[in-house]
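Taking it in order: structure first as structure tokens, then the write-up.
The values are calculated or read from the model by the stated rules, or taken from the named source; none is laboratory data. Please read these numbers as outputs of a predicted model, since none were measured by experiment. Glycine also receives a Cβ, built like all others from the backbone with ideal geometry; neighbour counts cover every protein chain displayed. Note: areas computed on protein heavy atoms with side chains; ligands, DNA, RNA excluded. Shrake-Rupley method; radii C 1.70, N 1.55, O 1.52, S 1.80 Å.
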Amino acid sequence: MIKKEMIAMLLAGGQGSRLGCLTSTVAKPAVGFGAKYRIIDFALSNCINSGIDTVGVLTQYQPLRLNTHIGIGIPWDLDKNIGGVSILPPYEKSTNAEWYSGTANAIYQNLRYMERYNPDYVLILGGDHIYKMDYEAMLDFHKSRKADVTIACIPVPIEEASRFGVVITDDDSRINEFEEKPANPRSNLASMGIYIFNWEVLRDALITLKDQPGCDFGKHIIPYCHNNGQRIFAYEFTGYWKDVGTLHSYWEANMELIDLVPVFNLYEEFWRIYTSAESIRPQFIGKNGYVERCIIGEGAEIYGVVKNSVIGPGVIIKEGAEVYDSIVMKDAVVGRNTRVHKGILAENSKVGNNCALGMGEEVENEKWPHIYSNGLTVLGEDSSIPDGIIVGKNTVIQGVTEASDYVNSALPSGKCLVKAGEQV
Amino acid sequence: MKLIGLVLAGGNNNKMLQLSAKRAIAAMPVGGAYRAIDFVLSSMSNSHIQRVAVLTQYNSRSLNEHLSSSKWWDFGRKQGGLFVFTPTITQENSFWYRGTADSIAQNLDFLRKSHEPYVAIASGDGIYKLDFNKVLEYHIETGADITIVGKRVGPGVDVSRFGSIETDKENRVVNFVEKPIKNGSDLISTGIYIIRRRLLIDLIEQAASEDRYDFVSDILIRYKEERKIYCYEMEGYWTSISSADAYYNANMDFLKPEVRDYFFKQYPDIYSKVDDLPPAKYNPGASVKNSLLASGCIINGTIEDSVLFKKVFVGNNTTIRNCIVLNDSYIGDNVYLENCIVESRGTIASGASYIGEPGHPKIVVEKSERYRI
């Protein structure tokens with residue numbers, strides 16, 4: 001008989017459209033992070049470090065990179081005889097075929113997967129946050145309160161609480177009320193989108209609400225449980241937790257890793273973060289290379305100057321290049337004598353020689369001001385910039401661009417140059 | 001799948017000085033992120049050899065740790081696999097491996113139970129890439145009984161720590177001198193051989209019955225007229241880390257662009273055990289030039305012309321020049337190191353200074369208290 005006390009369901013199907021062209025061909029959980037990792041590594045590592053060895057990963061949007069990355073789960077020791085990691089894409093049923101229309105709907109469509117493991121508890125996770133969390137401690141809390149549902153919550157500054165779903169609790173941490181993005185928040189405890197459900201409670205709610213269009217945990221399942229008088233508790237988490245939902249927060253979270261003693265420390269022996277390492281080569285710093293306040297991944301070659309930056313595996317920074325305050329992702333190349341300020345260069349992108357990125361005054365982006373902001377210059381995956389191009393701030397370049405795509409060899413601040421690929 | 005692999009990684013070597021106190025030579029860290037044995041195992045894997053046995057005896061703990069899974073080199077699990085054989089006491093035998101031939105003799109069952117017709121034998125201390133299938137093709141083409149992979153080291157190079165080979169026009173071995181006193185032929189044996197499995201079993205059984213235990217002197221040299229022994233000359237980079245100086249030079253070679261290109265960029269790749277370390281971190285005050293660094297390093301000081309292995313910590317205002325710093329070393333503040341090999345897991349106290357001679361490194365084994373409370 002198969003029996004797992006708690007299994008995890010990891011929602012990794014979303015696009016993460018506020019990451020702009022970083023997610024045009026890749027699901028957000030598969031986006032690179034911290035010179036080596038991918039965003040989903042944190043949730044997967046948390047699972048195995050918490051003793052959860054059965055994880056269903058629900059995929060839908062652009063799953064190729066995610067599937068390749070997870071494989072059969074070897075890097076996380078999730079290649080188990082019973083349990084382990086399973087990729088759960090939407091599938092055609094005998095009566096109908098539908099996409100995952102909401103977070104809870106995705107879980108509902110995989111009831112049989114969960115039933116197979118005969119769990120007492122089901123942990124619902126997102127795949128798009130940077131944090132280290134012991135889900136076992138959360139389960140202990142859940143049991144100690146005899147809860148039906150426990151929601152992990154994090155205290156946020158009260159002035160920011162109106163951006164979140166907040167919970168109002170009693171002295172015993174039991175949740176009395178929910179407020180979704182309240183104008184005048186009465187609490188600063190924000191839901192992290194991490195839930196532990198008693199299995200029967202979850203199954204009952206999913207089946208009852210199965211016809212709810214776009215069935216969602218926050219909007220439908222939790223209110224349903226609340227209205228039924230179920231015991232819902234808030235588990236307060238006080239560690240580092242970073243939402244990397246926007247380009248700016250993504251950039252910030254990367255930059256926090258290079259602090260002298262980072263708040264989110266990857267160098268602790270305890271609670272390691274695992275990833276699928278495609279390269280194991282050492283990195284090389286050339287004779288004229290200079291590197292300060294950086295983290296650098298395997299096999300990178302630095303012949304220029306790099307400061308305050310996060311450099312992914314296999315990246316080449318050529319002679320005379322200067323890279324500041326930037327994220328350069330796996331296998332990207334920065335050409336000779338090229339300057340990059342506050343850039344995000346996605347995987348396998350190429351910047352030619354004698355270019356300058358992130359120059360000039362900040363101007364609001366003409367098409368997507370809510371995405372390309374804070375002075376960032378973003379170059380999409382597999383995209384390239386030819387020699388001698390000057391690029392301004394709040395810009396995006398996607399596709400293999402040529403000199404003829406630029407006016408006066410420049411792309412001014414606030415402009416977009418999208419040649420290929422799907423754009424939001 | 002015509003070949004199986006036998007890696008002879010049992011030996012110790014006092015030329016490695018203090019470095020061999022802790023580990024077998026095959027487990028020596030090489031090239032920033034690898035261990036010596038990765039090169040032979042990767043070459044075998046890339047030659048589609050699926051079944052490999054590593055024979056080990058001396059200080060094998062760190063080697064065993066490294067060989068924790070056949071996964072790292074993509075060897076088979078059901079169709080083949082990676083086997084590690086240390087000496088065991090049986091009803092017939094209660095000896096350690098008394099030599100290379102004896103180590104094979106004690107594991108003859110592995111050879112008997114295989115079905116592949118040929119065996120590739122190699123040591124664990126060579127740094128190279130080799131397509132074993134090309135050697136096998138040559139072996140079949142020449143009709144050799146045994147093929148030795150040889151390497152021309154160039155005239156004037158001291159070959160006294162190698163086996164020196166003389167061949168005739170057809171590349172048949174006519175003379176083989178192990179560790180010659182007088183400098184002879186510059187064609188040396190790399191310690192890599194190909195031989196038909198049935199013939200190997202016969203030769204090993206014969207040697208064992210005569211209480212002969214060494215593969216080179218009791219099989220190669222003894223049978224060099226009796227049997228057809230041919231030499232296959234290998235191209236490309238090859239070195240063996242059989243002394244402390246050679247070990248230092250082999251690592252320093254990786255600072256040359258052509259060597260890095262050969263091993264890191266050209267097909268095929270070298271594989272190693274994955275250690276799940278975070279990216280290397282360069283703090284304010286770091287100044288690194290012409291150096292290789294592995295994952296998990298944290299750098300606060302100056303590093304020039306050096307190779308730093310995994311998880312090395314370098315303190316403030318510390319200078320490291322022309323050094324090999326092995327994994328998990330902690331180097332305090334205001335330290336000066338030049339021409340040194342720093343032994344792994346060591347802790348060098350703040351303010352220390354070690355200077356070796358150019359090309360003749362000082363081996364630093366310091367175990368100071370790492371954390372003061």
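Averaging sequence separations of C-alpha pairs under 8 Å and six or more residues apart, then dividing by the length of chain A, give the relative contact order as a whole percent.
Relative contact order comes out at 14 percent.
If you roll a 1.4 angstrom probe over the protein chains with everything in place, what fraction of the accessible area of region A:101-224 belongs to carbon and sulfur, to the nearest %?
45 percent
Work out, step by step, the length gained on full extension between B:Asn249 and B:Asp328: first 0.36 nm times the residue separation, then minus their alpha carbon distance; give nm to one decimal.
Full-extension gain reported as 26.3 nm.
Only residues of region A:73-96 count here: report those whose backbone N is under 14 Å from the spot 7 Å along Cα→Cβ of B:Arg77, or say none.
A:73-85
For each pair in A:Lys132/A:Lys330; A:Lys3/A:Lys146; A:Lys28/A:Lys181; B:Lys71/B:Lys256; A:Lys307/B:Lys129, compute the distance between the two Cα atoms and list the pairs where it is over 25 Å.
As for pairs spanning more than 25 Å Cα to Cα, those are B:Lys71/B:Lys256; A:Lys307/B:Lys129.
Roll a 1.4 angstrom probe over the protein heavy atoms and tell me the percent of accessible area of region B:3-264 that is carbon or sulfur.
47 percent
Please compute the length gained on full extension between A:Asp77 and A:Met1, using 0.36 nm multiplied by the number of residues separating them and subtracting their Cα-Cα distance.
Here the segment from A:Asp77 to A:Met1 would lengthen by 25.1 nm.
Restricting everything to alpha-carbon atoms, can you work out Rg to Rh for the protein assembly as shown with a Kirkwood hydrodynamic radius?
1.03
What span do the alpha-carbon atoms of region B:1-83 cover on each of the three principal axes, reported in whole Å from largest to smallest?
The principal-axis extents, from largest down, are 40, 25, 19 Å.
How many partner chain Cβ atoms sit within 10 Å of a residue's Cβ in peptide A:292-303, on average, as a whole number?
Taking all residues of A:292-303 together, the mean is 5.
Report, to the nearest 10°, how far helix B:197-209 tilts away from the longest principal axis of the Cα atoms in chain B, using its own Cα long axis and a range of 0 to 90°.
The two axes meet at around 90 degrees.
How would B:Arg172, B:Arg98 line up by accessible area, probe 1.4 Å, largest first?
Of B:Arg172, B:Arg98, the descending order of accessible area is B:Arg98, B:Arg172.
Just the number, please: buried accessible area between A and B, total of both chains, 1.4 angstrom probe, nearest 100 square angstrom.
3000 Å²
Evaluate the charge dipole of the protein assembly as shown about its Cα centre and quote only its size in Debye, nearest 20, assuming +1 on the Cβ of each Lys and Arg and -1 on the Cβ of each Asp and Glu.
900 debye
Compute a Gaussian network model of chain A, connecting alpha carbons closer than 10 Å, and tell me which residue from A:Ala147, A:Ala183, A:Ala321 fluctuates the most.
A:Ala183
With only Lys, Arg, Asp and Glu charged, each at its Cβ (+1 for the first two, -1 for the last two), find how big the charge dipole of chain A is about the Cα centre; round to the nearest 20 debye.
So the magnitude is around 500 debye.
When a/c is below 1.5 the answer is rounded, else prolate if a/b is larger than b/c, else oblate, so apply that to region B:3-264 with a ≥ b ≥ c taken from the square roots of the Cα gyration tensor eigenvalues.
In terms of gyration-tensor shape, rounded.
Report the per residue volume, in Å³, of the convex hull enclosing the C-alpha atoms of region B:281-364.
63 Å³
Using +1 on the beta carbon of Lys and Arg, -1 on that of Asp and Glu, and nothing else charged, what's the dipole of region B:294-356 about the Cα centre, debye to 20?
180 debye
Need the C-alpha centroid separation for region B:38-82 versus region A:292-307, integer Å.
The distance from the Cα centre of region B:38-82 to that of region A:292-307 comes to 32 Å.
Mind giving me the FRET efficiency for A:Ser17 and A:Ala183? R0 is 25 Å, r the Cβ-Cβ distance, nearest 0.05 is fine.
The calculated FRET efficiency here is 0.50.
If you scale each eigenvalue of the Cα gyration tensor by 5 and take the root, what three semi-axes come out for chain A, rounded to whole angstrom and sorted largest first?
40, 22, 21
So if the hydrodynamic radius of region A:143-281 is defined as the Kirkwood radius over C-alpha pairs, what does Stokes-Einstein give as its diffusion coefficient at 10 °C and 1.306 mPa s, in µm² per second?
92 µm²/s
Using a 1.4 angstrom probe with every protein chain in place, what is the largest-first accessible-area order of A:Ser94, B:Ser353, B:Ser164?
So, going from the largest accessible area down, we get A:Ser94, B:Ser353, B:Ser164.
Report the antiparallel proportion of the DSSP beta bridges in chain B as a percent, rounded to a multiple of 5.
Taking every DSSP beta bridge with both residues in chain B, the antiparallel ones total about 35 percent.
Want the number for A:Lys93 to A:Glu160: 0.36 nm per residue separation, take away the alpha-carbon distance, what's left?
Contour length minus the Cα-Cα distance gives 19.8 nm.
Testing the spin-label approximation: label points 7 Å from Cα along Cα→Cβ at A:Lys219 and B:Asn175. State their distance in nm.
8.8 nm
Which whole-number percent is the relative contact order of chain B (Cα, under 8 Å, 6+ apart)?
Answer for chain B is 15 percent.
Going by a ≥ b ≥ c, the root eigenvalues of the Cα gyration tensor, does region A:14-138 fall in the rounded group (a/c under 1.5), the prolate group (a/b larger than b/c) or the oblate group?
oblate
Along the positive direction of the dipole of the protein assembly as shown (beta-carbon charges: Lys, Arg +1; Asp, Glu -1; about the Cα centre), which of B:Leu108, A:Gly399, A:Asn227 reaches farthest?
B:Leu108
Going 7 Å from the Cα of B:Arg227 toward and past its Cβ, which residues in region B:1-36 have a backbone nitrogen under 18 Å from where you end up?
Residues passing the 18 Å test: B:3-8.
Would you mind telling me which residue in A:Phe270, A:Phe42, A:Phe33 has the biggest mean-square fluctuation in a Gaussian network model of chain A, where springs connect alpha carbons within a distance under 10 angstrom?
A:Phe270
Which whole number gives the average, over all residues in A:150-163, of C-beta atoms from other chains lying within 10 Å of the residue C-beta?
0
Checking buried surface per residue: for region B:261-276, which residues lose a minimum of 30 Å² accessible area in the protein assembly relative to the chain alone (1.4 Å probe)?
Those are B:Phe264, B:Lys265, B:Val274, B:Asp276, which lose 30 Å² or more relative to the chain on its own.
Would you list which aspartates and glutamates come within 17 Å of A:Lys350, measuring only between C-alpha atoms, while excluding same-chain residues fewer than 8 positions from it?
Within the straight-line cut-off, A:Lys350 pairs with A:Glu301, A:Glu319, A:Glu322, A:Asp331, A:Glu381, A:Asp382, A:Asp387, A:Glu402, A:Asp405.
Put A:Ile154, B:Ile140 in order of accessible area, largest first, 1.4 Å probe: what do you get?
Ranked from most to least accessible, the order is B:Ile140, A:Ile154.
Would you mind working out the accessible area per residue for the protein assembly as shown, using a 1.4 Å probe, and quoting it in Å²?
40 Å²
Assuming R0 = 22 Å, what is the FRET efficiency of B:Glu258 and A:Asn288, from their Cβ-Cβ distance, to the nearest 0.05?
Rounded to the nearest 0.05, the efficiency is 0.70.
Using a Gaussian network model on chain B with a 10 Å cutoff between Cα atoms, which of B:Val52, B:Val177, B:Val119 fluctuates the most?
Taking springs between Cα atoms under 10 Å, the residue moving most is B:Val177.
Express as a percent, rounded to the nearest 5, the fraction of DSSP beta bridges in the protein assembly as shown (both residues included) that run antiparallel.
35 percent
What figure in square angstrom, to the nearest 10, would you give for the accessible area of B:Ser295 with a 1.4 Å probe?
Result for B:Ser295: roughly 10 Å² accessible.
Going by alpha carbons, how many degrees (0 to 90, nearest 10) lie between the helix axis of B:132-142 and the longest principal axis of chain B?
Helix B:132-142 sits roughly 30 degrees off the main axis of chain B.
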